[in-house]
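Here's the structure, in structure tokens; my notes come after.
The values are calculated or read from the model by the stated rules, or taken from the named source; none is laboratory data. None of the values given here were measured: they were computed from a predicted structure. All Cβ positions, even for glycine, are placed from backbone atoms using ideal geometry, and neighbour counts span all protein chains on display. Side chains are part of the model used for accessible areas, which takes the heavy atoms of the whole protein and leaves out ligands, DNA and RNA. Shrake-Rupley method; radii C 1.70, N 1.55, O 1.52, S 1.80 Å.
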Amino acid sequence: MKSKTVKGSRAARPGNSVLGKGAATAFLSPSLLFIGVFLLVPAFWTLFLGLTDYKLVGIEALNPSFIGLDNFAKALQDPQFLSSLKLTIVYVLGSAIFGQALLGFILAWVLNELSPRVRSAVELIVIFSWIVPGSVVAFLWFAFYNKEEGTLNAILGVNIDWLLDYPMLSIIIFNIWRGTAFSMLLFSAAIASIPKSHIEVARVAGASKMQQLRNIVLPSARSYILTNLLLITLWTFNDFGPYLLTGGGPGGQTQILPIFIYDSALRYLDFGYGSAIAAIMLLLNLILSLIVLRMSKKGKK
Amino acid sequence: MRLLGKEVFTSDKRRIDERSSVEKISTFVFVLLAVSFFAIPLMWLVLAPFDSDPTFRIKWPNWGLGNFSEMAENPYAYRSLLNSAIFSAGSGLVVILVGAPASYVLSRIKFAGRDAFLYILLLFSSIVTGSAAMVPLFLLSLKLNLIDTYQGVVLVLTGGLIPAAIFILKDFTDSIPKSYEESAQIFGASSFRILKDVVTPIIRPGLAVIFVWSFVQAWGNFLAPFILIRDVNKQPAAVMMYSFYNDGGQAVFRTVAAFSLIYTIPVLAMYFYVNKKYGFRFYGGIKG
Amino acid sequence: MSFVSIEKITKVFPGGVRALDELDLEIQDGEFFALLGPSGCGKTTLLRTLGGLESSTSGKISFEGKDVTFLTPGARNIAMVFQDYALYPHMNVLENISYPLKVRKFSKEEIDKRVKQASEALSIEMLLDRKPGQISGGQQQRVAVARAMACTPSLYLFDEPLSNLDARLRLEARTFLKQLQRELGVTTILVTHDQSEALALADRMAVMDKGRIKQVGSPAEFFHKPANIFVASFIGSTPMNLLDGVVNDGKVVIGSMSFDIPAHAQNTARTGDKVVFGVRPEYVSLTSSPGSGIASGVVKVTENLGTHYLVTADCNGILVRGTAPDGSEPHMGDTVHLKPESVRTLLYNKTSEDLY
Ligand SMILES: Nc1ncnc2c1ncn2[C@@H]1O[C@H](COP(=O)(O)OP(=O)(O)OP(=O)(O)O)[C@@H](O)[C@H]1O
Ligand SMILES: [Mg+2]
């Protein structure tokens, strides 16, 4: 019995891990398979489809052909795409960067100084708006923005058709409301991770609140801030939520890229062109990520 | 020494007091505005379901539970909730079954560039989303005969959730000392027993959090079923909610009011459960 | 025959850190053996390699003459008590103690019997239905020992088991560990940071540095005859006097002072050898007048050590430490004459750093 064990494990000096190489591979491979099939393959497939004239109906459906960069050239001259790209950038800057991140940071900073009770009550309301399902949120804002019966007009004492007259502003506010919780939570964690003594030293030295923020909190939270900005930018870039509120209208005024892709590919069934747009979006996001990654590496040095 | 300490204290306090009136008022106004901004739109969700005559306006209701009985008569409402439950529980289970073993390996076996790999994977999954990969995900489901199936939606959702799930769960597993497994190794327990008797019970809170997180994500997801499900009998609540108010008009107002609340409650309940039991631990390790 | 025999064990971590460097060590049957050394010297790595948790890069380990180098941890019949105890948080004390027995497929009656024995021996019977989170650190340590004991291993490995306890509890636990080991008679290896712990507990001990053994022996040998300069400066509650000098004509000359060559070096130390002259402050006393073999100087510092004072004097630029009884201690600035007890003096070769 014992000699058998000896023989059995002769192959190698015992390691310190519960799992051998085989088991570790077996544990990893389902995930890798999922990631391959549902992330890598679609990413490359999108790039590939963008180079074809594949459509779901018509002649091209049966026999799609390779048309090189035609779709991309078309996109760069397509006023609808260019406007969609511009709208997306406005949407991202307005709702993610200036909205969620800034509001989230101020909330985290202000709440940090309040009593734990007030703090958790306010946090709870913000988190609520984050976990309520997206289509319910869309309806809540649909109702809130309504011209005749909407509560917003009642509060402000005006008579505006928000979704018709200020569609971009409306979806920006809607997305700030929906997504601020993530930034707030992440920044709270960042602020909590700063040793109390660091701030106290600055206070004893007579630093004002603004100085404390600039000299201690922001530098310590730098990597959190970069990560947060990157993630919410990517998420907002890919956000399909406004579709539920405006469907991209009126007159394409809220047709951000995800909605534009949906309309081209799945409504008008031009897979080739839709994919080319998606590929452009993918590449933009990839470049953005690389830039931020480089920045955060530099910061570490 | 003591005198000095006291002096610092009083001057510090005086300084705080000088600023405090301005600061207190501005803090108060800010918090009040923030709370109103976040709370007011939510009020509709709290009041309208119990209003026998709901409109878009947030108002004090004509109390009654009629909306719920009206909703109960709508066969689509009930079916869609059931479908959502299937999609969400399915996604939660698959995410755990696939992601937990991987995160365990990634936590316990070091290799060069592991953390960078995980971070890049997380970013990658935020780039290649349902929006960007809409066409291939649709075509993939078409080719695999997964259109109008539960499996199709679950697989597509899971594929998007797994990277973040692995990221969070690995972070959780990292916080568990390796000595638990090592002592069991010394006792002569087999790898299987160590995983079953020691590792799984200890990481159970992490698994619960990830299950709930995946469940909530799938429960609210609109795009995947919107693209992949045509059959109205298989549509989840997210899509049904949209159809109700997009196509239904004033006629289904009462159903929409009750439905939005019923559709929201499960995720709120799960959130509170996890928060109470395990403490909210979201993306603890994110900082790049 | 020695019980544990370690031959030329080397462990190089993937990063290139050489934690164990061709280390040799023999441990006798039934011995309480302590491993001591500065932080990062490889104590934990050695213990974990013995347990099979860390794979060695080369070398051989045998238990009772049997090669175990390639055995899995479970096949070595050892028990290990970790610094954090590693009690399973989801099992109560009873389940924790019986888990290893269940793994080893003991019968129900046998498990009950052993759990009862172990918990009585460690007086934790009243804690059996509590979870580890509900008992104190000292109790957790007892449970961890009980769990290790119940499987009647042939070797115990302890990695700083007392370091999480407060000072008082540590003293109690120390006594108790020693008693228990005496009763069970099982070979035990204890890693510790705390030299008083090692001196108090161990039958024999070893001091490590940079992955190598610097000296093996009884606690008394370590105190009285440190084998090299490293051990001499490492062991002892007050640092040993280690004075650079030269051998000249049967004397050790240190600056303007000169001392007799210690007895152990009389036949080996040659004129002209560069040496280090060592003596513990405990064996250096005050005398009334200067002379040969006496260091005279001005008192720089006196430290109260309870029953006596540690006196540091500047003897023409060389600091020498001695002790004076409480009540007759000198004051700062006084001139004193310090006399080492000649049978306690030691001489090290400056180049090889070893004792003559
Ligand atoms: N898993 C590892 N990977 C790389 N290097 C390691 C690893 N574990 C330990 N080391 C290195 O090996 C050397 C010996 O470490 P070890 O933990 O054995 O020291 P130690 O004597 O137990 O120290 P301490 O008294 O602080 O516990 C150290 O330099 C340490 O940094
Ligand atoms: Mg150690």
Single residue of the stretch C:180-202 satisfying the filter (within 16 Å of ligand 1 (Cβ to nearest atom) and of a type in the set (Asp, Glu)) that is most open to solvent (accessible area, probe 1.4 Å): C:Asp194
Yes/no for A:Thr236 being polar (S, T, N, Q), over 15 Å from A:Gly179 (Cα atoms) and under 14 Å from the mean Cα position of the chain (by Cα): no
Criterion (within 16 Å of ligand 2 (Cβ to nearest atom) and closer than 25 Å to B:Ser190 by Cβ) met by exactly one of C:Leu162, C:Leu101, C:Leu190, C:Leu157: C:Leu157
Per-region count, the stretch C:300-356, residues assigned to a loop (DSSP other than H, G, I, E, B) and at negative phi: 15
Meets criteria (surrounded by 18 or more Cβ atoms within 10 Å (Cβ to Cβ), under 28 Å from C:Lys178 (Cβ atoms) and at pLDDT below 90) for C:Phe63: no
Filter result for A:Ser183 (among the hydroxyl-bearing types (Ser, Thr, Tyr) and either surrounded by 20 or more Cβ atoms within 10 Å (Cβ to Cβ) or farther than 30 Å from A:Thr88 by Cα (or both)): yes
All positions within the stretch A:80-129 that are within 8 Å of another protein chain (Cβ to nearest Cβ) and open to solvent by 30 Å² or more (accessible area, probe 1.4 Å): A:Leu103, A:Ile106, A:Glu113, A:Leu114, A:Val118, A:Ile125, A:Phe128
Matching residues in the stretch C:246-255 - criterion: being in contact (Cβ under 8 Å) with a residue 24 or more places away in the chain and either buried (at least 17 other Cβ atoms within 10 Å of the Cβ) or part of a strand (DSSP E or B) (or both): C:Val246, C:Val247, C:Asn248, C:Val252, C:Ile254
Residue match in the stretch A:125-139 (condition: more than 24 Å from the chain's Cα centre (by Cα) and on the phi < 0 side of the Ramachandran plot): no
Qualifying residue in the stretch C:57-79 (condition: of a type outside the set (Lys, Arg), within 30 Å of C:Lys214 (Cβ to Cβ) and within 16 Å of ligand 2 (Cβ to nearest atom)): no
Test for A:Asn228: is it facing chain B (nearest Cβ under 9 Å), at pLDDT below 90 and assigned to a helix (DSSP H, G or I): yes
Segments classed as helices (runs of 4 or more DSSP H), wholly inside the stretch B:54-131, with at least 3 members that are modelled with pLDDT under 90 and within 26 Å of A:Val292 (Cα to Cα): B:114-127
Candidate set from the stretch C:1-44 (those that are free of Cβ contacts under 8 Å to residues at least 40 places away in the same chain and within 13 Å of ligand 1 (Cβ to nearest atom)); member that is nearest to the other protein chains (Cβ to nearest Cβ): C:Pro14
Matching entry among A:Ile216, A:Ile277 (being part of a helix (DSSP H, G or I), touching a His at 6+ places or on another chain (Cβ under 8 Å) and not polar (S, T, N, Q)): A:Ile216
Single condition A:Thr151 does not satisfy, out of (1) open to solvent by less than 50 Å² (accessible area, probe 1.4 Å); (2) within 24 Å of the chain's Cα centre (by Cα): (2)
Selected residue (criterion: nearest to C:Tyr88 (Cα to Cα)) from residues of the stretch B:190-218 that are at the interface with another protein chain (Cβ under 7 Å from one of its Cβ atoms) and open to solvent by less than 10 Å² (accessible area, probe 1.4 Å): B:Val198
Residue list for the stretch C:320-341, restricted to those being open to solvent by 80 Å² or more (accessible area, probe 1.4 Å) and touching a residue at least 24 places away in the same chain (Cβ under 8 Å): C:His331, C:Met332, C:Thr335, C:Lys339, C:Glu341
The stretch C:102-127, residues that are part of a loop (DSSP other than H, G, I, E, B) and surrounded by 17 or more Cβ atoms within 10 Å (Cβ to Cβ): C:Phe106, C:Leu122, C:Ile124
Helices (runs of 4 or more DSSP H) within the stretch B:143-247 that include 3 or more residues under 25 Å from the mean Cα position of the chain (by Cα): B:150-174, B:200-220, B:223-228, B:237-247
Residues of the stretch B:228-240 that turn out to be within 11 Å of chain A (Cβ to nearest Cβ) and surrounded by fewer than 21 Cβ atoms within 10 Å (Cβ to Cβ), as a count: 0
Some residue of the stretch A:241-263 being assigned to a helix (DSSP H, G or I) and open to solvent by 40 Å² or more (accessible area, probe 1.4 Å): no
Strands (runs of 3 or more DSSP E) contained in the stretch C:1-56 and holding at least 3 residues touching a Gly at 6+ places or on another chain (Cβ under 8 Å) and at pLDDT 90 or above: C:4-12, C:18-27
